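The values are calculated or read from the model by the stated rules, or taken from the named source; none is laboratory data. For clarity, every value in this text was computed on a predicted model and none was experimentally measured. No Cβ is skipped: glycine too gets one built from the backbone with ideal geometry, and neighbour counts run over all protein chains shown.
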Amino acid sequence: MKLYYATFANQEEAEHAGETLIKEKLIKCMNILGSGTSLYTWQESIEKSTEVYAILKSSLPLSAIESRFSELHSYDTPCLIEFDVNSVSHAFNQWIES
């Protein structure tokens, strides 16, 4: 099982990306965590913006998801970070892998 952390420009973009990735069987589910303030550097300036944070769950590696994720995303450099999961409940893992 893989967990992915992602940020989106707004709720609608996050929902659209999640629904599409689920329909296309690239992810099994997505938790949209809500919005918060992000601080980052962009083009040599410190930026501050409101973003929507999400956790995606899949059995697929980043290489299988990244291209489609980027197509659905409005950012030039979308954030999609993969975390390997070492332990997960048996029943939940079976569902993710199904």
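Here are a few things to note about the model shown:
- Contact map, segment 1-28: first residue within 19 Å of E51 (Cβ to Cβ), second residue among the acidic types (D, E), Cβ cut-off under 7 Å, separation 6 or more or different chains; pairs are Y4/E82; T7/E51; F8/E51; A9/E51.
- Among the residues of segment 72-98, those that are assigned to a helix (DSSP H, G or I) and either within 13 Å of the chain's Cα centre (by Cα) or of a type in the set (V, I, T) (or both) comprise L72, I96.
- No other residue among E19, E44 is out of contact with any strand residue (DSSP E or B) (no Cβ under 7 Å at 6 or more places or on another chain) and farther than 30 Å from Q94 by Cβ apart from E44.
- Tally, over segment 53-98, of residues that are under 21 Å from K23 (Cα atoms), acidic (D, E) and surrounded by fewer than 13 Cβ atoms within 10 Å (Cβ to Cβ): 2
- Residue that is among the charged types (D, E, K, R), out of contact with any Pro (no Cβ under 8 Å at 6 or more places or on another chain) and surrounded by 12 or more Cβ atoms within 10 Å (Cβ to Cβ), where the choices are E24, E13, E44: E13
- The single condition from (1) more than 22 Å from I96 (Cα to Cα); (2) at pLDDT 95 or above that G34 fails is (2).
- Qualifying residue in segment 38-54 (condition: part of a strand (DSSP E or B), out of contact with any Lys or Arg (no Cβ under 6 Å at 6 or more places or on another chain), under 23 Å from D84 (Cα atoms) and of a type in the set (S, T, N, Q)): no
- Taking first residues from segment 57-80 that are acidic (D, E) and partners that are outside any helix (DSSP H, G or I), the Cβ contacts under 8 Å between residues at least 6 apart in sequence or on separate chains come to E66/L80.
- Hey, T50 in contact with a strand residue (DSSP E or B) (Cβ under 9 Å, 6 or more places away or on another chain), without any contact (Cβ under 8 Å) to a residue 60 or more places away in the chain and exposed (fewer than 10 other Cβ atoms within 10 Å of the Cβ) or not: no
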